[in-house]
Amino acid sequence: GSGTGSVSQCLIHQEVSEPMLVSLPFVTESSKISLVVPVAEQDKAAATLFLKNFAKMCLERNDRVFLMLVFLYTRAHPDKNNNQDFYKEVKQTALQFTKKYKKKDKGSSILWYSLQTKDSIPVQVQAMDLLIQKLDATSIILLGSPYMELHNDYLNRVRMNTIEGRLVFSPIPYTDYHPQVLGSAYPSTSVNPNFNVTSGHFDQWNYDHISFYKSDYLALRPNLKSPVILKETDLVDQTNMKKLPMDTFQLATMFQDYGYLRDITEDQDSKLGAGKDKERAPAAYSAGGGAGKRKGLHLLRAPDPSLRLRYKRINCDEYLPVDLVRDCRTQQLFSLGSRNLLANIFLKNNAK
């Protein structure tokens with residue numbers, strides 16, 4: 001009745017668990033990478049620029065990076081490998097670089113795969129179903145984009161953060177803002193070589209870049225409800241996209257949702273590294289003593305400033321599931337520019 005009250009404060013904490021050593025294979029910066037880059041019709045110019053960057057960073061240095069360009073054909077432009085081929089110029093550029101840097105001991109090379117779509121970009125898991133058997137089982141599979149700028153730092157980070165049976169790497173790229181919003185001196189077809197927090201942002205809605213091993217994909221793929229795609233005619237068309245399970249659209253979702261099912265014993269773990277890196281980490285120790293069965297393929301999702309993307313116009317297809325369309329629209333808004341940049345444009349226009 002006096003109108004006074006009391007304030008109580010409660011602090012809750014959890015003690016740090018007892019530390020233990022976990023064995024991991026030694027990884028090196030010499031692992032071979034199979035870089036898979038899908039190219040849609042609107043990506044032709046970006047693909048040509050990307051090839052020049054790839055030639056400089058990988059072919060010249062013989063950096064043990066195999067490039068597979070996946071050309072996505074629509075029913076409007078179905079011709080392949082003739083004068084009417086929609087991707088003829090890009091393929092010719094790839095051939096020119098292949099001939100120019102042809103070596104006996106060839107660590108890097110360029111190939112392509114022509115994929116006939118049903119007028120929509122295939123979801124990641126279904127596309128990988130078609131490509132996985134064409135990729136080397138001993139190399140790291142890295143999914144990329146024609147808008148990416150290759151850097152040695154990024155490729156080495158992929159090698160260090162992708163461990164067979166243990167770790168999948170899903171970097172968050174640093175993406176340039178819209179060039180007209182930036183008012184930048186460099187055009188949209190070239191990346192500012194200096195990392196600048198005002199020229200772009202870490203695009204947390206971008207899941208186009210991920211690295212993993214073939215064995216891990218094949219081990220987890222049967223857990224998905226959607227059937228394995230064996231031929232292009234089995235790809236889902238636009239009218240049935242919303243019926244697909246959500247874990248089919250992004251490889252990162254598959255690895256995150258089902259990674260705990262990837263069981264590796266210490267004996268199997270040593271076999272996974274056989275033939276790649278002979279050096280091994282010390283045996284694992286636990287509170288109970290001795291090494292045993294370890295569950296889980298982990299997904300590492302983190303911002304990576306060495307993964308730079310040029311600006312790309314983002315189109316949100318209404319035939320996709322509602323959650324993906326919502327995320328796409330958010331990504332679309334954040335891709336234009338920072339609040340400060342957009343506010344300056346608004347103030348300048350109103351001052352006229």
Notebook entry, point to check: When residues of the range 85-119 are filtered for being farther than 16 Å from residue 44 by Cβ and part of a loop (DSSP other than H, G, I, E, B), how many remain?
Noted result: 10
Checklist line | residue 102 under 21 Å from residue 149 (Cβ atoms) and either free of Cβ contacts under 8 Å to residues at least 12 places away in the same chain or in contact with a Cys (Cβ under 7 Å, 6 or more places away or on another chain) (or both) | finding: no
Check: Which residue pairs have Cβ atoms closer than 6 Å, lie 6 or more positions apart in sequence or on different chains, and pair a first residue in the range 304-317 that is assigned to a loop (DSSP other than H, G, I, E, B) with a second residue that is modelled with pLDDT under 95 and open to solvent by less than 20 Å² (accessible area, probe 1.4 Å)?
Finding: 310/176; 311/176; 314/335
Note to self: Just the residues that are part of a loop (DSSP other than H, G, I, E, B), within 13 Å of residue 101 (Cβ to Cβ) and touching a Gly at 6+ places or on another chain (Cβ under 9 Å), please, taken from the range 27-84.
What the structure shows: 61, 62, 63
Notebook entry, point to check: Can you name the number of the only condition in (1) open to solvent by less than 10 Å² (accessible area, probe 1.4 Å); (2) in contact (Cβ under 8 Å) with a residue 60 or more places away in the chain; (3) more than 27 Å from residue 311 (Cβ to Cβ) that residue 27 fails?
Noted result: (1)
Margin query: Regarding the range 52-73, can at least one residue be identified that is among the polar types (S, T, N, Q) and within 19 Å of residue 114 (Cβ to Cβ)?
Written below: no
Margin query: Please determine whether any residue of the range 21-32 is over 18 Å from the mean Cα position of the chain (by Cα), of a type in the set (D, E, K, R) and closer than 11 Å to residue 146 by Cβ.
Written below: no
Notebook entry, point to check: Looking at the range 156-188, which of the residues that are part of a helix (DSSP H, G or I) and of a type outside the set (D, E, K, R) is nearest to residue 311 (Cα to Cα)?
Noted result: 179
Notebook entry, point to check: Would you call residue 132 at pLDDT 95 or above, crowded, with 19+ Cβ neighbours inside 10 Å and aliphatic (A, V, I, L, M)?
Noted result: no
Next item on the list: Return the total of residues in the range 134-155 being outside any loop (DSSP other than H, G, I, E, B) and either closer than 13 Å to residue 68 by Cα or touching a strand residue (DSSP E or B) at 6+ places or on another chain (Cβ under 6 Å) (or both).
Entry: 9
Notebook entry, point to check: So residue 273 fits all but one of (1) modelled with pLDDT of 90 or more; (2) more than 19 Å from the chain's Cα centre (by Cα); what number is the exception?
Noted result: (1)
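The values are calculated or read from the model by the stated rules, or taken from the named source; none is laboratory data. Predicted model only: the values in this text are computed from it and were never measured. Please note: Cβ atoms are built from the backbone with ideal geometry, for glycine as well, and neighbour counts cover all protein chains shown. These area figures cover heavy atoms from the full protein model, side chains too; ligands, DNA and RNA do not enter into them. Shrake-Rupley method; radii C 1.70, N 1.55, O 1.52, S 1.80 Å.
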